[in-house]
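Undergrad: I'd like to ask some things about the structure below.
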Amino acid sequence: DFVLHGWPLVAVNLALYGYLCWLGFWFIRGTGGRERLFLVGWFANILLSPIETLQSRWVVAINYIGAFGLALALLAALSLLLHPPTATDSSGTVNTT
């Protein structure tokens, strides 16, 4: 069985959490406008959830922030669904495809 205990487990968890933060940064950096709001709301819930284990006093605040982030992501997704952005090329013409 490959089971980690103690400090190796903490190191692997920190590496995975750092990787999630790095992915969140690059996904959010590659977007703009309402797409960015969607990703910020979604990643806020994902990236804050492991912090609950550090302090039990923070659980309620982190849950509220996560719920607000998911609500923001839902509203941004609905906005994108109802009013999709138009794509323009470098000459300024609108692409409808």
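Undergrad: So which of F43, F68 is within 19 Å of L23 (Cβ to Cβ) and modelled with pLDDT of 85 or more?
TA: Unique residue meeting the criteria: F43.
Undergrad: Pairs please, first residue from segment 17-30 and within 12 Å of P50 (Cβ to Cβ) and of a type outside the set (V, I, T), second anywhere and in a helix (DSSP H, G or I) and modelled with pLDDT under 90, Cβ atoms under 6 Å, 6+ apart in sequence or on different chains.
TA: Y17/P50
Undergrad: If we only count helices (runs of 4 or more DSSP H) wholly inside segment 1-89, which ones have 3 or more residues that are exposed (fewer than 11 other Cβ atoms within 10 Å of the Cβ)?
TA: Values: elements: 7-29, 34-48, 59-82.
The qualifying helices (runs of 4 or more DSSP H) are 7-29, 59-82.
Undergrad: Those residues that are within 15 Å of V40 (Cβ to Cβ) and aromatic (F, W, Y), I need them from segment 11-26; list them, please.
TA: F25, W26
The values are calculated or read from the model by the stated rules, or taken from the named source; none is laboratory data. Because the structure is predicted, anything quoted here is derived from the model rather than measured. Every residue, glycine among them, receives a Cβ derived from its backbone with ideal geometry; neighbour counts consider all protein chains shown.
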